[in-house]
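To keep things clear, I will list the structure first and then write my remarks on it.
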Amino acid sequence: MTLATLPRHNRRGPSHGLADGVWTGKVGPGWEVLLMPEPLARLVTDALSGSAAQSALGWTFAYAGHAGVFLPEESDAPAWPPNTRYLKTGALVTLPPFTWRVARLDSTPGWVRRTGDPLSRPLLLHPIVTLLATDSACSPPPAPET
């Protein structure tokens, strides 16, 4: 399976109000999506960079304040943290076009990572996302600079 063919197989046409080339398609079959707020996704990618667990993370995209990772079907048990959203097969997902440049997790839409296996490894990723989501939810927001 290659996710590079998603727009052609699941294309529903341009979504009204979205930038040119952005498309909305159905999730799956064979893959599902975990959406995280960009601040959490940034913590996850920072925690995984340079570690042996880096292979846990597959392709990652950023769009509209969230980052998404592709997971194998039925990767929703155990449940992901409450501040994430799991899209099962058949749900709609909006993706940046594959021609968009690599984005950073700083509200720049596009592809954050498109190397290696497209699907993330939920058994390795789940504990990291859960721990970081719990830690970031318990941490007070940074004080505004004066």
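The values are calculated or read from the model by the stated rules, or taken from the named source; none is laboratory data. The model shown is predicted, which means the values in this text are computed figures rather than measured ones. Note: ideal-geometry Cβ built from the backbone for every residue, glycine included; neighbour counts use all protein chains shown. These accessible areas exclude ligands, DNA and RNA; they are computed on the full protein's heavy atoms, side chains included. Shrake-Rupley method; radii C 1.70, N 1.55, O 1.52, S 1.80 Å.
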*asked:* I'd like the accessible area for His66: 1.4 Å probe, protein heavy atoms, all chains in place, Å² to the nearest 10.
replied: 80 Å²
*Out of residues 5 or more away from Glu32 or on other chains, whose amide H comes under 5 Å of its own, with H placed 1.01 Å from N in the peptide plane?*
Leu71, Glu73
*asked:* Ranking request for peptides 89-97, 75-83: highest mean number of other beta-carbon atoms within 10 Å first, then the rest in descending order.
replied: 89-97, 75-83
*asked:* For the pair Thr130/Thr108, report the inter-label distance in nm, with labels modelled 7 Å from Cα in the Cβ direction.
replied: 3.4 nm
*Which residues does a label at Phe98 reach in segment 29-67, if reach means a backbone N under 18 Å from a point 7 Å past the Cα toward the Cβ?*
29-33, 58-62
*asked:* Contact order normalised by length for segment 59-98, with contacts defined as Cα pairs under 8 Å and 6 or more residues apart; what percent is it?
replied: 40 percent
*asked:* Run the numbers for Lys88 and Asp46: contour at 0.36 nm per residue of separation, minus the present Cα-Cα distance, in nm.
replied: 12.5 nm
*Which value, in Å² and to the nearest 10, is the accessible area of Trp59 when all protein chains are kept and the probe is 1.4 Å?*
20 Å²
